[in-house]
């Protein structure tokens, strides 16, 4: 069961859509906007070191920089996403360092880690191809979420915070439990009910067949999951 939540705050961070998105790069949508709203729950300041994983166009990283985070890094495995994020940061005058790589293998220690990983349940078990790499995440939608839950908490400072956004279709409670099992304090501060986009509408039969949605469903819940590292837990 999803934990109690509060209403999303009115964002003071810059949520203006990026001006550059190369072909094949996932466009910012409701999940991106909700994660940007989640930045309002954090105390971002010039000493804050923040990492945005699966950055895509860099919308969240740019918003974090504009909101006051002084040391913002972003990572994505897609070369076009990296260039999109770099260009958007330059256009907005945001100090964001963007690198290409596997988020689960990224190294460093951060005060805040945020991410919007792919989480859509795939139709088959094969690796995603083409544009589907931006949303397909294995049969259960957790192909990236699981390694992120294992790896990223170890990259937090002694009082660091991890914030991920995902859909209920990839099992929000399972993510909550996976992070809590590592000793983190986990909450779900923000949720939003949104209509299915074109990908889920096109997979309605498969999702019903697999028991992921009920017949007639037309919307999903997305949530920001926050995990705080207790101050008594020493950093790496």
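Evaluate the following for residue 44: is it assigned to a loop (DSSP other than H, G, I, E, B), within 14 Å of residue 113 (Cβ to Cβ) and touching a helix residue (DSSP H, G or I) at 6+ places or on another chain (Cβ under 8 Å)?
yes
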Problem set entry | Scan of the range 181-200 for residues that are in a helix (DSSP H, G or I) and either touching a residue at least 40 places away in the same chain (Cβ under 8 Å) or within 14 Å of residue 34 (Cβ to Cβ) (or both), ordered by number | 199, 200
Problem set entry | Residues (in contact with a helix residue (DSSP H, G or I) (Cβ under 9 Å, 6 or more places away or on another chain) and surrounded by fewer than 22 Cβ atoms within 10 Å (Cβ to Cβ)) located in the range 139-159 | 140, 146, 147, 150, 151, 153
Problem set entry | Per-region count, the range 170-186, residues within 23 Å of residue 29 (Cβ to Cβ) and in contact with a strand residue (DSSP E or B) (Cβ under 6 Å, 6 or more places away or on another chain) | 3
For this session: Filter the range 67-81 down to the residues that are in contact with a strand residue (DSSP E or B) (Cβ under 7 Å, 6 or more places away or on another chain) and either without any contact (Cβ under 8 Å) to a residue 24 or more places away in the chain or farther than 21 Å from residue 135 by Cα (or both), then identify the one that is surrounded by the fewest Cβ atoms within 10 Å (Cβ to Cβ).
Result: 79
Exercise. For the range 94-106, does any single residue satisfy the condition of being closer than 18 Å to residue 226 by Cα, assigned to a loop (DSSP other than H, G, I, E, B), modelled with pLDDT of 70 or more and touching a strand residue (DSSP E or B) at 6+ places or on another chain (Cβ under 7 Å)?
Worked result: no
Exercise. Could you count how many residues in the range 64-85 are in a helix (DSSP H, G or I) and over 26 Å from residue 143 (Cβ atoms)?
Worked result: 3
Exercise. Are any residues in the range 16-40 in contact with a strand residue (DSSP E or B) (Cβ under 9 Å, 6 or more places away or on another chain) and surrounded by fewer than 17 Cβ atoms within 10 Å (Cβ to Cβ), and if so, which ones?
Worked result: 29, 30
For this session: Go through the residues of the range 201-222 one by one and say whether even a single one is touching a strand residue (DSSP E or B) at 6+ places or on another chain (Cβ under 7 Å), surrounded by 12 or more Cβ atoms within 10 Å (Cβ to Cβ) and under 18 Å from residue 38 (Cα atoms).
Result: yes
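The values are calculated or read from the model by the stated rules, or taken from the named source; none is laboratory data. Remember, predicted model here, so these are calculated numbers, not experimental data. Neighbour counts run over all protein chains shown; Cβ positions are idealised from the backbone, glycine included.
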